[in-house]
Amino acid sequence: MAQYFPEVTKIAYEGADSKNPLAFKHYDADEMVMGKSMRDHLRFGVAYWHTFKGTGADPFGPGTILRSYNDSDDPMKVADMTLEAAFEFYVKLGIDFWCFHDRDIAPEADTLAETNKRLDTIVAKAKKLQADTGVKLLWGTTNAFSHRRFMAGAGTNPQPEVFAYAASQIKKAIEVTHELGGEGYVFWGGREGYDTLLNTDMSRELDHLALLLQMAVDYKKKIGFGGQFLIEPKPKEPTKHQYDFDAGNCFAFLQKYNLLDYFKLNIEANHATLAGHDFQHELDFCVGNGILGSVDANRGDLMLGWDTDQFPMSIYETTMAMYTILKGGGLTTGGLNFDAKLRRQSVDGIDLFYAHVGAMDCFAKGLKNAAKMIEDKTFENAVKARYAGWDTDFGKQIETGKIGFDELEKYTLENGEPEINSGHQEMFENMLNDYLY
Ligand code: XUL
Ligand code: CO
């Protein structure tokens with residue numbers, strides 16, 4: 001097989017003192033943390049679309065990134081070479097999972113039948129490469145947002161013919177995800193949303209979206225696909241208002257349409273910040289409601305209002321994210337997929353390695369910090385102490401609904417003004433810094 005990254009050999013763990021930019025300083029895959037290997041805690045995945053199909057294009061100019069595996073006029077030859085390059089990359093990086101959209105791995109043809117045939121060809125090759133390398137599929141998904149037929153949405157399109165096309169595409173994408181042993185299947189509502197309510201029947205569109213998801217659930221059962229279905233919230237971009245706005249919104253939607261048993265969420269850091277939340281908030285909401293499925297581990301730029309999809313580099317963020325994930329029992333079928341792309345000026349193949357090595361190290365360090373925070377129980381005990389009043393007889397009576405407004409009024413009239421306790425935010429922040437530095 002041709003070598004597409006000849007300048008890189010297998011990335012090794014060299015420890016925190018290493019100055020080698022192509023070595024791990026914190027990610028030692030088999031090192032045990034809280035009784036589990038780092039590999040099993042973190043379950044890192046590579047996003048095919050950004051890593052192998054990203055060109056650095058932006059609204060002001062076409063791509064800047066040229067790759068040898070793109071160097072052919074035959075789109076299937078490009079697909080074939082790209083897949084080989086991808087598996088070479090996974091093995092050299094020592095990453096366990098990959099993720100893709102149907103159209104990332106095989107190009108669309110003139111008809112759906114021909115497109116599906118192309119997909120089957122590439123999937124057969126991917127299956128062999130997975131078996132040869134041991135790399136597994138974290139999740140598959142459908143690109144039902146790039147083609148012009150989907151300009152007004154897929155499941156929420158005003159035309160039933162487009163709904164049908166989307167359903168057909170999703171059906172096939174679930175089949176190939178099943179064929180490749182995918183641990184999950186993601187629904188990101190690419191253009192499920194609206195740009196103006198003047199031409200939109202929002203309630204009807206949401207009913208249709210739920211119908212599409214219900215059909216997917218039925219089909220999953222029919223073919224025996226055991227992977228986890230995931231919805232990926234995002235508040236805006238490309239539409240002005242995306243229906244799967246944030247975790248809270250998705251939770252309400254799943255409850256309304258009785259879909260909660262079949263879906264968990266795939267939380268993306270940059271989507272959280274676009275929704276005006278931080279990454280940890282979205283994770284914490286999911287943990288609290290038992291709906292954390294998987295994570296798109298990237299970051300945004302707080303100075304920019306769009307989805308910049310950068311590689312995670314903040315130890316603070318990864319520590320807080322891993323703290324919440326560990327408190328929630330850790331990742332099981334999900335993983336940390338780097339839904340992140342190189343900057344437009346990072347044009348070398350080796351930049352893909354720098355980006356992933358740094359991101360994996362950043363999460364590995366975050367994991368170790370979070371494990372220490374959990375083992376020390378520093379924050380757990382402090383939070384417990386803050387809510388201690390609820391563990392008294394009086395607090396318990398309220399929590400269990402034994403007393404209501406009349407008793408509470410009587411209590412307040414008798415006891416007067418409550419004592420005010422400090423929240424000690426600055427002290428907590430200092431305590432956190434002790435773990436980070
Ligand atoms: C888009 C996004 C997608 C999904 C998969 O913002 O995050 O790449 O992760 O469709
Ligand atoms: Co994503």
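The values are calculated or read from the model by the stated rules, or taken from the named source; none is laboratory data. No experiment lies behind these values; they were computed from the predicted model shown. Glycine also receives a Cβ, built like all others from the backbone with ideal geometry; neighbour counts cover every protein chain displayed. Just the protein is used for accessible areas: all its heavy atoms, side chains included, with ligands, DNA and RNA removed. Shrake-Rupley method; radii C 1.70, N 1.55, O 1.52, S 1.80 Å.
When Leu274, Leu230, Leu259 are checked against the criterion of being away from ligand 1 (no atom under 14 Å from the Cβ), touching a residue at least 40 places away in the same chain (Cβ under 8 Å) and of a type in the set (A, V, I, L, M), a single residue qualifies: Leu259.
Taking the conditions (1) touching a strand residue (DSSP E or B) at 6+ places or on another chain (Cβ under 9 Å); (2) on the phi < 0 side of the Ramachandran plot; (3) away from ligand 1 (no atom under 16 Å from the Cβ) in turn, Tyr185 satisfies each one other than (3). The number of residues in segment 164-179 being within 11 Å of Gly227 (Cα to Cα) and touching a strand residue (DSSP E or B) at 6+ places or on another chain (Cβ under 7 Å) comes to 2. Could you grab me the full set of residues in segment 338-372 that are among the β-branched types (Val, Ile, Thr) and open to solvent by 10 Å² or more (accessible area, probe 1.4 Å)? Passing the criteria: Val347, Ile350. Considering the conditions (1) surrounded by 14 or more Cβ atoms within 10 Å (Cβ to Cβ); (2) over 21 Å from the mean Cα position of the chain (by Cα), Asp102 is excluded by exactly one of them, (2). So is Gln310 in contact (Cβ under 8 Å) with a residue 24 or more places away in the chain, open to solvent by 20 Å² or more (accessible area, probe 1.4 Å) and within 16 Å of ligand 2 (Cβ to nearest atom) or not? So Gln310 passes the test. Checking each residue in segment 281-303 for being within 14 Å of ligand 1 (Cβ to nearest atom) and open to solvent by 30 Å² or more (accessible area, probe 1.4 Å) picks out only Arg299.
Any residue at all in segment 145-152 that is in contact with a helix residue (DSSP H, G or I) (Cβ under 8 Å, 6 or more places away or on another chain), assigned to a helix (DSSP H, G or I) and under 21 Å from Asp339 (Cβ atoms)? Within segment 145-152, one or more residues are in contact with a helix residue (DSSP H, G or I) (Cβ under 8 Å, 6 or more places away or on another chain), assigned to a helix (DSSP H, G or I) and under 21 Å from Asp339 (Cβ atoms).
Residues in segment 171-199 that are without any contact (Cβ under 8 Å) to a residue 24 or more places away in the chain and in a loop (DSSP other than H, G, I, E, B): 0 in all.
Residues in segment 25-83 that are open to solvent by 70 Å² or more (accessible area, probe 1.4 Å) and closer than 12 Å to Ile105 by Cα: Lys53, Lys77.
The set of residues from segment 244-280 being more than 15 Å from ligand 2 (Cβ to nearest atom), open to solvent by 10 Å² or more (accessible area, probe 1.4 Å) and in contact with a strand residue (DSSP E or B) (Cβ under 6 Å, 6 or more places away or on another chain) comprises just one member, Tyr262.
Screening Arg299 with (1) touching a helix residue (DSSP H, G or I) at 6+ places or on another chain (Cβ under 6 Å); (2) more than 16 Å from ligand 2 (Cβ to nearest atom); (3) over 18 Å from Leu138 (Cβ atoms) gives one miss only, at (2). Against the numbered list (1) closer than 20 Å to Tyr185 by Cα; (2) more than 14 Å from ligand 1 (Cβ to nearest atom); (3) outside any helix (DSSP H, G or I), Phe245 comes up short only at (2).
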